[in-house]
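Below: the structure, in structure tokens.
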Amino acid sequence: MIKELHEKLLAGKITSEKLTQNYFSKIKKKDEKISAFLTLTEDLAMAQAKKTDEKIKKGEEIGILEGIPGAVKDVICMKGVRTTAASKILDNYIAPYDATVIQKLKASGAVFLGKTNCDEFAMGSSTEKSAYAITKNPADLQRVPGGSSGGSAAAVAGDEAVWALGSDTGGSIRQPASFCGVVGLKPTYGRVSRYGLLSMASSFDQIGPIAKNIEDAAIILSEIAGQDKRDATSARSAGKRYEKYLEGSIQGLKIGFIKEHFENLNKKVKNSMENVLKKYARLGAEIKEINLPHIRYSLPVYYIVMPCEVSSNLARFDGMKYGMRIFDQQDSDLEKINPEERKLREIYLDSRRYGLGEEVKKRIMLGTYALSSGYYEAYYLRAQKVRELIKRDFEKIFASSQKGVDLILAPTTPTPAFKIGEKNANPIEMYLEDIFTVTANVIGIPAISLPADPVDWEGKKLPVGFQLMGKWFNEEGILRAAYAYEKSS
Ligand code: GLN
């Protein structure tokens, strides 16, 4: 889609201004129902579109993404634009700088339509935990789009943006991509700079693309990848033009699958996954059953370490430096403290009490508990040790060319999109949504979700995705295998 639009721009068949306006009118028509966007950046978008058109008119060269409109999850800072992380506490926060990914995309000439809805501070799997709106799934408006990057996935699936950025800490790019029937890629940890991303859990967070097809995802990744001195965890590698690595046969490619992943799966989803495996076999891949003994601990490891990092990262939102400050003087708990100190403490407490939502507070409390003296060894430290064991299983399976595999295939989600409200009663059920996605974050490998055969579900045909996971920094490997599948569909 991006390439096609690029060629049309070059041939003068469309202008970026028309294209961008066209997307804004689609947003105005559709977003009342879908609620993918929290903020529109019309002026910024039109200025960039105009610039692109002028360049084309003058016969200047333009980049592949130049003039092509996309959307950005509202956890990524864009200078001069409201950036809320879908939280009340950042209701009035205007980012004073651009995230590195935004800087890079601006340099590429990309057009920004606006900021998309998500679960508050990216914590959730349904976008129901946003303080502002519940985004609906364009495939069925009764259903969630997944989360936390639900707004970005819905915007792309609902044709309100050509491409979008999401962030993925435990599945937040891939799970909504699966629910909405689009492509979502979580790069290797360190591949894309996190500078300017409102941190959720820093040892897991990665920014990545959501797009209509594999080539588009590859193009966006090429634009945002690379080392950044402002993010100490960014890898030294420069990244590649990933779209150049898509073609070619996957004959002999070894794809592993884990029996347990398929065994307890819903029959319809299982059937869809088996069709994927069959198709890969037809394409010449060698399908192998593999055993990763520690992978079943991924979810518990994630739900211990992630809240610990959350509790530390979100300490900065205390009504002082960022966002809103609340002081309601209703609190009598602090009566014994001298008035000045009491005022400060009340601001901290009130700003956090009113500014943060339930899910966020729950995770801060869980994390604070797990890190507290006396519990640290039993929870955080032990979880980090198990994390290392999971990593070693994967190192082994990717290292040996005889016994090992090149890629691992898994479902992205246990079911297609669930109904709005369906999983709110029991948080564990919501957390179980992440069972197949968290491993890639726990050990930092790249993973992509792309549409498998849709399933008949409660009277509808609903999208469902499958995942390909690869070795650290082997984005081109998973993209190439994903492309081969997409092309043969
Ligand atoms: N659904 C997961 C969670 O709630 C993942 C969130 C994410 O990747 N940002 O933590």
Practice problem: For F37, list long-range residues whose amide hydrogen, built 1.01 Å from N in the peptide plane, is under 5 Å from its own amide hydrogen. | Solution: N117
Exercise. Compute the separation of the alpha-carbon centres of region 418-470 and region 172-212 and state it in Å as a whole number.
Key: 14
Quiz item: trypsin sites (Lys or Arg not before Pro) within region 53-144: which are DSSP loop residues with at most 15 other Cβ atoms inside 10 Å?
Solution: K58
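What does the highest-first list of 441-448, 265-272 look like by mean Cβ count within 10 Å?
Details: 441-448: 26.1, 265-272: 16.4.
Ranking the peptides 441-448, 265-272 by packing returns 441-448, 265-272.
Using mean Cβ contacts within 10 Å as the protection proxy, how do 37-50, 232-245, 401-414 order, highest first? Walk me through the numbers on the way to the answer.
On the way: 37-50: 18.6, 232-245: 15.1, 401-414: 20.5.
Ranked by mean Cβ neighbours within 10 Å, highest first: 401-414, 37-50, 232-245.
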Self-check item: Listed residue (I443, N275, G357) projecting farthest to the positive dipole end of the chain, Cβ model
Solution: N275
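Please report, in debye to the nearest 20, how large the charge dipole of the chain is about its Cα centre when each Lys and Arg carries +1 at its beta carbon and each Asp and Glu carries -1 there. Display every interim value, and only then the final one.
Working: 71 positive and 62 negative charges, 154 e Å.
The calculated dipole for the chain is roughly 740 debye.
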Quiz prompt | Karplus-derived 3J(HN,Hα), 6.51/-1.76/1.60, for each residue of region 308-315, Hz, glycine and proline x | solution = 4, 5, 4, 4, 6, 5, 8, 4
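With r as the distance between the Cβ atoms of R316 and S488 and R0 = 51 Å, compute the FRET efficiency 1/(1 + (r/R0)^6) and round to 0.05.
Working: r = 48 Å, r/R0 = 0.94.
With R0 = 51 Å, the Cβ-Cβ based efficiency is 0.60.
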Self-check item: Under the Karplus curve 6.51 cos²θ - 1.76 cosθ + 1.60, θ = phi - 60°, whole-Hz ³J(HN,Hα) for region 188-202, x wherever Gly or Pro sits
Solution: 4, 4, x, 5, 10, 4, 9, 5, x, 8, 5, 5, 9, 10, 5
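Output the pairs from K8/K212; K244/K270; K268/K362; K244/K403; K30/K73; K55/K229 with a Cα-Cα distance over 27 Å in this structure; if there are none, say none.
Beyond 27 Å: K244/K270; K268/K362; K244/K403; K55/K229.
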Quiz item: By its C-alpha gyration tensor, with a ≥ b ≥ c as the square roots of the eigenvalues, how is the chain shaped: rounded for a/c under 1.5, else prolate for a/b larger than b/c, else oblate?
Solution: oblate
Practice problem: Give the distance, in whole Å, between the Cα centre of region 79-111 and the Cα centre of region 1-28. | Solution: 23
Quiz item: Could you give me the ³J(HN,Hα) list for region 258-268, computed from phi with Karplus coefficients 6.51, -1.76, 1.60 and θ = phi - 60°, whole Hz, x at Gly and Pro?
Solution: 9, 3, 4, 5, 9, 4, 9, 6, 3, 4, 5
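Too long at a 22 Å Cα-Cα cut-off: which of K29/K115; K29/K487; K33/K129; K254/K396? Each step should come with its number before you reach the end.
Values: K29/K115 17 Å; K29/K487 32 Å; K33/K129 18 Å; K254/K396 14 Å.
Listed pairs above 22 Å: K29/K487.
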Practice problem: Count the net charge of all other residues whose Cβ sits under 12 Å from the Cβ of E429, scoring Lys and Arg as +1 and Asp and Glu as -1. | Solution: -2
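FYI, it's all coordinate maths here, none of it is from the lab. Since we're looking at a predicted model, the values are computed, not measured. A quick note on method: Cβ atoms are made from the backbone with ideal geometry, for glycine too, and the neighbour counts reach across all protein chains shown.
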